[in-house]
Amino acid sequence: QVQLVESGGGLVQPGGSLRLSCAASEISFSIYTMGWYRQTPGKERELVATITGGGTANYADSAKGRFTISRDNAKKTVYLQMNSLKPEDTAAYYCNAVLGRSIKWGQGTQVTVSS
């Protein structure tokens, strides 16, 4: 079973940048569609971005132009580069791995955007 470990969260000022990483244990990492989602207390988890094994990316409107999702299949890692961060980006960020009906989630990493 694939296991996912996120890292890279933290406190950043508005306008700043962070890069999140999600390392997978699955040796067949390249066939998974990977995604980043975020959640704030009392709200549903929402899509940020996804990337297929072939590198096709999809973004939520809130992420377009500011966030970039990428993956390194050799390192079995997916990244989320977040620029021009806003206070409303504050959330717990989760990565997931999707293959058919199988969906696995990481434990999440907190991002706080505040001055």
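Listed values, structure above:
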{"item": "Ordering of 8-17, 89-98 by packing [mean C-beta count within 10 Å, highest first]", "result": "89-98, 8-17"}
{"item": "Computed accessible area, D61, all protein chains, 1.4 angstrom probe, square angstrom", "result": "120"}
{"item": "GluC sites (Glu not before Pro) within the stretch 1-81, DSSP loop, no more than 10 other Cβ atoms inside 10 Å", "result": "E44"}
{"item": "Three-way shape label, the stretch 1-102, alpha-carbon gyration tensor, a/c 1.5", "result": "prolate"}
{"item": "Pairs of Lys in the chain closer than 23 Å at Cα, counting only those 8 or more apart or on different chains", "result": "6"}
{"item": "The stretch 66-115, relative contact order [Cα under 8 Å, separation at least 6], %", "result": "30"}
{"item": "The chain, dipole about Cα centre (Lys/Arg Cβ +1, Asp/Glu Cβ -1), debye to the nearest 20", "result": "120"}
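The values are calculated or read from the model by the stated rules, or taken from the named source; none is laboratory data. Treat the numbers as computed from the prediction; the structure is a model and nothing was measured. Neighbour counts are summed over all protein chains in view; Cβ atoms, including those assigned to glycine, are modelled from backbone coordinates with ideal geometry. These area figures cover heavy atoms from the full protein model, side chains too; ligands, DNA and RNA do not enter into them. Shrake-Rupley method; radii C 1.70, N 1.55, O 1.52, S 1.80 Å.
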